[in-house]
Amino acid sequence: HDVMEGRPVSECLAESGLFPPLVVRMVSTGEKTGNLEEMLGEIKTHYEREIRYMTKMMTVLIEPILTVCLGLMILVFALGVFLPMWNIMKLFRGAGS
């Protein structure tokens with residue numbers, strides 16, 4: 001609504017508090033130089049790179065956690081199978097004496 005009244009887009013973005021200062025500054029620069037479309041493209045490229053980086057970092061962090069969880073589940077399963085067998089073996093050894 002404010003933009004339709006003639007206020008700069010960068011001022012409206014800054015007042016909303018929803019956009020990071022980097023976006024506000026780049027939009028302001030784009031308005032002043034007449035290259036707003038190009039600046040919005042640069043903002044898009046920046047955030048696409050940031051999303052790719054964050055996704056890669058999450059994958060790097062989640063992978064070892066999943067490996068440990070899977071190992072613990074296998075350990076619990078193996079103990080669930082072998083502990084009763086060991087108890088039966090002890091029972092037979094005790095009965096044979």
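The values are calculated or read from the model by the stated rules, or taken from the named source; none is laboratory data. Everything numeric in this text was worked out from a predicted model, so none of it was measured. Every residue, glycine among them, receives a Cβ derived from its backbone with ideal geometry; neighbour counts consider all protein chains shown. Just so you know, the surface numbers come from the protein's heavy atoms only, side chains and all, with ligands and any DNA or RNA stripped out. Shrake-Rupley method; radii C 1.70, N 1.55, O 1.52, S 1.80 Å.
Quick grid of which residues meet (1) part of a helix (DSSP H, G or I); (2) among the aromatic types (Phe, Trp, Tyr); (3) exposed (fewer than 10 other Cβ atoms within 10 Å of the Cβ):
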{"site": "His1", "(1), (2), (3)": "no, no, yes"}
{"site": "Ala14", "(1), (2), (3)": "yes, no, no"}
{"site": "Arg25", "(1), (2), (3)": "yes, no, no"}
{"site": "Thr29", "(1), (2), (3)": "yes, no, no"}
{"site": "Glu42", "(1), (2), (3)": "yes, no, no"}
{"site": "Leu75", "(1), (2), (3)": "yes, no, no"}
{"site": "Val81", "(1), (2), (3)": "yes, no, yes"}
On the given criteria, is Met26 aliphatic (A, V, I, L, M) and out of contact with any helix residue (DSSP H, G or I) (no Cβ under 9 Å at 6 or more places or on another chain)? no
Restricting to segment 3-12, name every residue that is outside any helix (DSSP H, G or I) and surrounded by 14 or more Cβ atoms within 10 Å (Cβ to Cβ). Pro8
Filter segment 50-70 down to the residues that are open to solvent by 100 Å² or more (accessible area, probe 1.4 Å) and under 10 Å from the mean Cα position of the chain (by Cα), then identify the one that is nearest to Val23 (Cα to Cα). Ile51
